[in-house]
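Single-structure report; data block below.
The values are calculated or read from the model by the stated rules, or taken from the named source; none is laboratory data. Nothing here was measured: the structure is a model prediction, and the numbers come from that model. Glycine also receives a Cβ, built like all others from the backbone with ideal geometry; neighbour counts cover every protein chain displayed.
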């Protein structure tokens, strides 16, 4: 049985914060840039397929995809490039993604 001090500790314990070290370094770097829009997700190992991309997703704001899941984006257009990262916008204009790394392109 827990003593009163242990009970107090467990009653006041909080969940640990999500550590940035769980994210790839390129995602952490891209998150450090002020993109001027809400970024819906960060993509790594992105492979272009027409106007869409297949990639590993991180920090999905919709919480539909878990970190590291493979996703297919809707068709995207380039908004701007900063520090080697690409801000992309969906054709509808509703979603923004940052491509933190692409397959076949040296960083």
For residues that are crowded, with 19+ Cβ neighbours inside 10 Å and either in contact (Cβ under 8 Å) with a residue 60 or more places away in the chain or not in a loop (DSSP other than H, G, I, E, B) (or both), tally how many sit in the range 73-88. 5
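Yes or no, residue by residue, for (1) in a strand (DSSP E or B); (2) within 28 Å of residue 94 (Cα to Cα); (3) modelled with pLDDT of 60 or more:
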site: 10; (1), (2), (3): no, no, no
site: 14; (1), (2), (3): no, no, no
site: 18; (1), (2), (3): no, yes, no
site: 27; (1), (2), (3): no, yes, yes
site: 33; (1), (2), (3): no, yes, yes
site: 42; (1), (2), (3): yes, yes, yes
site: 47; (1), (2), (3): yes, yes, yes
site: 61; (1), (2), (3): no, yes, yes
site: 68; (1), (2), (3): no, yes, yes
If I go through the range 30-72 residue by residue, how many of them are exposed (fewer than 15 other Cβ atoms within 10 Å of the Cβ), in contact (Cβ under 8 Å) with a residue 40 or more places away in the chain and within 12 Å of the chain's Cα centre (by Cα)? 1
Filter the range 68-107 down to the residues that are touching a helix residue (DSSP H, G or I) at 6+ places or on another chain (Cβ under 6 Å) and closer than 13 Å to residue 53 by Cα and list them by number. 98, 100, 101
